[in-house]
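Working notes for the structure below.
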Amino acid sequence: MRPDLLKGHLDTLLLAVLEGGAQHGYAVIEALRTGSAGALDLPTGTVYPALHRLERAGLITSEWETVGGRRRRAYRLTAAGQAALGEQRAVWDQFSTAVTAVLTRQPWPAAT
């Protein structure tokens, strides 16, 4: 998948991955990869700066944990992050429906 297609959507994808509970950075990367059947195979240099940006914005929080003698940072959604994810899902639903309508030449909004 072309990296430019992710522009504007990475933060929402990261929030969605963290909705299931706290995860360390590599687990977030792996969840994106497996959840997309390999289409979203993102490098750490893309994901970690985005996680730090989301933390600065108050949408996620992090804390250090030690597992197997190794320290790693676990990230989790805040209440503001959960709210932002809900808003972004609504935006995505409307956007993807509109794009699909144009690409498939179907009327939008769909007649009910």
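Derivation of every value follows stated rules applied to the coordinates shown; laboratory data play no part. The shown structure was predicted, so the numbers you read here are calculated from the model rather than taken from an experiment. All Cβ positions, glycine included, derive from the backbone under ideal geometry; neighbour counts span all protein chains shown.
Potential lengthening of the chain between THR44 and VAL67 amounts to 6.3 nm, from the contour at 0.36 nm per residue minus the alpha-carbon distance. Applying 1/(1 + (r/R0)^6) with R0 = 30 Å to the Cβ-Cβ distance of ARG105 and ALA37 gives a FRET efficiency near 0.65. For region 1-90, the spread of Cα positions along the three principal axes, ordered from largest to smallest, is 38, 28, 20 Å.
The chymotrypsin sites (Phe, Trp or Tyr not before Pro) found in region 72-103 include none that occupy coil by DSSP while having at most 11 further C-beta atoms within 10 Å. Taking other C-beta atoms within 10 angstrom as a stand-in for reagent exposure, HIS9, HIS24 fall in the order HIS9, HIS24, fewest first. Taking the Cα centre of the chain as reference, the dipole from Cβ charges on Lys and Arg (+1) and Asp and Glu (-1) amounts to some 220 debye.
Shown for the chain are the DSSP H helices of 20 Å or more along their axis, judged by Cα atoms, with a mean Kyte-Doolittle hydropathy of at least -0.5: 79-103.
Sparse packing (at most 12 other Cβ atoms within 10 Å of the Cβ) combined with a DSSP loop state is found for the following trypsin sites (Lys or Arg not before Pro) in region 35-112: ARG105.
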